[in-house]
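The structure under discussion appears below in the form of structure tokens.
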Amino acid sequence: MNIKSVTKMAFQSIISNKMRTFLTMLGIIIGVFAVIVLISLGQGATAGVTDSISSMGSNIISVNVFDRKKSIDFNDVYEFEKLEGVKNVTPVYTSNVTIKYELETTDVSVTGGNENYLSINNYEIGSGRAISPVDVDYRNKIAVIGLTTAENLFGKDDPIDKEISIGGEKYTVVGVLQDKGSTITGDSNDTVVVPVTTIMRQSGTSAVNSITVQANSAEESVTAKENVENYLLDYFQDEDSYRVFSQDEMLNVLNQTTSMLTAMLGGIAGISLLVGGIGIMNIMLVTVTERTREIGIRKAIGAGRANILIQFLIESSVMSGVGGIIGAVLGVVASNVISNMMGITYKINLPVIIGAFGFSLAVGVFFGLYPANKASKLKPVDALRYE
Amino acid sequence: MIYLKDITKTYDMGSVQVQVLRGITLHVAEGEFLSIIGPSGSGKSTLMNMVGCLDVPTTGEYYLDGKEISTYNEKQLSKIRNQKIGFIFQKFNLLPKLSALENVELPLIYRGMSSKERKQRSIEALEKVGLTDRMSHNPTELSGGQQQRVAIARALAGDPPVLLADEPTGNLDSKSGSDVMNLIRQLSEEGKTIVLITHDTDVAKEAKRTITIKDGLLLDNIIN
Ligand SMILES: Nc1ncnc2c1ncn2[C@@H]1O[C@H](COP(=O)(O)OP(=O)(O)OP(=O)(O)O)[C@@H](O)[C@H]1O
Ligand SMILES: [Mg+2]
């Protein structure tokens, strides 16, 4: 008894009932499809978030202040620059305001920073100039805007030296930033940066929202972070008053969250694969009953238990295997289409595809085992008697 | 060739036990042509299934070719069915989705024969029953007589020494029936050991010897 003949037999009986075979395979197709699409998109989204955090700049430590009684003022910020391992510091003050140019308006969050803000956040000037120390010292009413904001307000016109109104006060646009692309967290080009001193006075506050610290290097960011934390503890005398995040930590937290999410989605999809397997088992059991007489005939002319077992196992694994291949192809195509639509970068993930296919095959074998065993155990006389 | 010693078969029907065979001793010599007659329900088919290793006796001994078969396991029995025995059923028992040729090939597939040899021997068997022109037809496209001849070709393809026919003409008109009987007589002349069950006393007389079974017991033993 060679495998080739049994495989041929299995294919013959699968093909002889096309509709049922298709419906049975559908469970597996959907399962494999769902696993591949959900995991691929999950990983694509993870990569997107990671990219957007990385694009914030390297060696970045951000400090957020929550204390109600005591605050960090603009001048306190420069104490951080003296700490070991720290290269640059910028205070950050963000406020959401409406921006107007002639008749155009747009809602953007306006960020106040010092002369280091742009370089720390990896922004490059495309035209015009950046914020200078003088602008910060003299509270100049100038603004550097992103490409999208420029387009929204000025269309095709050159924004440089134009006056815009930020929260009702007049600012002069002195620079436009280079394209920084968009990430999962939003369009990095839709931004307005002004001197922190200017926007703080306009808002009538002396306390900054947060401070961004740039370490000398990735290696020194650990030391820098420790020093920043020590300084803050000394300053506030309360660990709950502030929060220090290094970029590494943020990446870790986010990666953990997203990979947990991906695993969860994959798990749910995996359950649908399992359900597909139960569908196969169900159909195979029906098939065994339907084909009792055939099994009897085969046994009467010399088929052993192993022959019948293998025939039925091959039938169920061919169904799940072919279903797996179809599901994988559809899954890859759909992942591509969806990720294009959502602007996520999608890479073909071979281990996931192979894993999903392998799992579907295993499901077919596992759920085929019981019906096949049942078929092979039928006694020839009883099977022949069956109508 | 076939030696049954004190064979009994009891079916356990839950509350009651039905003894279908009540101690049958029977010897069939090599090359002999034996017919079995008896009323319906007397246990003929049950006995035949025992001889064909489709079923095992409750008690008693069964020797085939001098070997004690009743102790064989399922795997050994399937080998015996495949190599030593050719079965011809009243209802033909062909696989409906396979062509005539594929049906005839089936026992050879289970024997593990190469596809070339298989095809050759199957065609030879179909030649013997005069159906080479219907090889690619499915059973549903064949008449009852033709189907039974395909079934005979299937029983012959593996060249087993023993042929068991359980009412082979039972579902056929008299013309097809006599065709089938001619074939069986010819096979007997070629030296096959044949056991034939029938309700037709004229058909039974074709055999060298006829036994009668009634209520699970061997009643008569007539040399024709
Ligand atoms: N699996 C079974 N379970 C219970 N009883 C059975 C079983 N198989 C056969 N019998 C009983 O055994 C008896 C003999 O059956 P068998 O088929 O051998 O008769 P037969 O002589 O071949 O009859 P016929 O001429 O009608 O074919 C019958 O009464 C039948 O009901
Ligand atoms: Mg009978």
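None of B:K128, B:K175, B:K208, B:K116 is touching a strand residue (DSSP E or B) at 6+ places or on another chain (Cβ under 9 Å) and modelled with pLDDT under 95 except B:K208. When A:S62, A:S13, A:S5 are screened for being open to solvent by 10 Å² or more (accessible area, probe 1.4 Å), among the hydroxyl-bearing types (S, T, Y) and not in a helix (DSSP H, G or I), only A:S62 passes. Does segment B:146-154 contain any residue that is open to solvent by 40 Å² or more (accessible area, probe 1.4 Å), more than 16 Å from ligand 2 (Cβ to nearest atom) and closer than 29 Å to B:S42 by Cα? Yes. One residue stands out in segment B:164-181 among those that are more than 16 Å from ligand 1 (Cβ to nearest atom) and under 17 Å from B:R154 (Cα atoms): the one that is surrounded by the most Cβ atoms within 10 Å (Cβ to Cβ), namely B:V180. A:Y78 meets each of the listed conditions (1) surrounded by fewer than 20 Cβ atoms within 10 Å (Cβ to Cβ); (2) in contact (Cβ under 8 Å) with a residue 12 or more places away in the chain apart from (2).
Residue by residue, here is whether (1) in a helix (DSSP H, G or I); (2) buried (at least 20 other Cβ atoms within 10 Å of the Cβ); (3) in contact with a Gly (Cβ under 9 Å, 6 or more places away or on another chain) holds:
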residue: A:N152; (1), (2), (3): yes, no, no
residue: A:K156; (1), (2), (3): no, no, no
residue: A:I160; (1), (2), (3): no, no, yes
residue: A:D179; (1), (2), (3): no, no, yes
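Filter segment B:45-74 for residues that are in contact (Cβ under 8 Å) with a residue 60 or more places away in the chain, more than 14 Å from chain A (Cβ to nearest Cβ) and open to solvent by 10 Å² or more (accessible area, probe 1.4 Å) and give the result. Those that are in contact (Cβ under 8 Å) with a residue 60 or more places away in the chain, more than 14 Å from chain A (Cβ to nearest Cβ) and open to solvent by 10 Å² or more (accessible area, probe 1.4 Å): B:Y63, B:D65.
Restricting attention to segment B:94-118, the residues that are of a type in the set (D, E, K, R), more than 8 Å from chain A (Cβ to nearest Cβ) and in contact with a helix residue (DSSP H, G or I) (Cβ under 7 Å, 6 or more places away or on another chain) add up to 2. Mind telling me which of the residues A:K162, A:K180 ends up being among the charged types (D, E, K, R) and within 27 Å of the chain's Cα centre (by Cα)? Just a single option satisfies the conditions, and that option is A:K180. Set side by side, the residues A:S71, A:S40, A:S95 differ, and just one is part of a loop (DSSP other than H, G, I, E, B) and open to solvent by less than 60 Å² (accessible area, probe 1.4 Å), which is A:S71. Filtering segment B:181-224 to residues that are touching a helix residue (DSSP H, G or I) at 6+ places or on another chain (Cβ under 7 Å), more than 14 Å from ligand 2 (Cβ to nearest atom) and not in a strand (DSSP E or B) leaves B:M181, B:L183, B:V203, B:E206. Confirm whether B:Y110 is assigned to a helix (DSSP H, G or I), aromatic (F, W, Y) and open to solvent by 10 Å² or more (accessible area, probe 1.4 Å). So B:Y110 passes the test. How many residues, within segment B:1-39, are within 12 Å of ligand 1 (Cβ to nearest atom), touching a residue at least 60 places away in the same chain (Cβ under 8 Å) and open to solvent by 40 Å² or more (accessible area, probe 1.4 Å)? Matching residues across segment B:1-39 total 3.
Please tell me if A:D187 is acidic (D, E), touching a strand residue (DSSP E or B) at 6+ places or on another chain (Cβ under 8 Å) and open to solvent by 40 Å² or more (accessible area, probe 1.4 Å). Judged against the criteria, A:D187 is not a match.
In segment B:33-77, the qualifying residues are those that are among the polar types (S, T, N, Q) and in contact with a Ser or Thr (Cβ under 7 Å, 6 or more places away or on another chain), and the one that is nearest to ligand 2 (Cβ to nearest atom) is B:S35. Taking the numbered list (1) within 20 Å of the chain's Cα centre (by Cα); (2) among the basic types (K, R); (3) surrounded by fewer than 21 Cβ atoms within 10 Å (Cβ to Cβ); (4) farther than 22 Å from B:I37 by Cα in turn, B:K116 passes all entries but (1).
The values are calculated or read from the model by the stated rules, or taken from the named source; none is laboratory data. Note that the coordinates shown come from a computational prediction; the quantities given were computed from them, not determined experimentally. Cβ sites come from the backbone with ideal geometry, for glycine too, and all protein chains shown count toward neighbours. Side chains included, ligands, DNA and RNA excluded: accessible areas come from the protein's heavy atoms. Shrake-Rupley method; radii C 1.70, N 1.55, O 1.52, S 1.80 Å.
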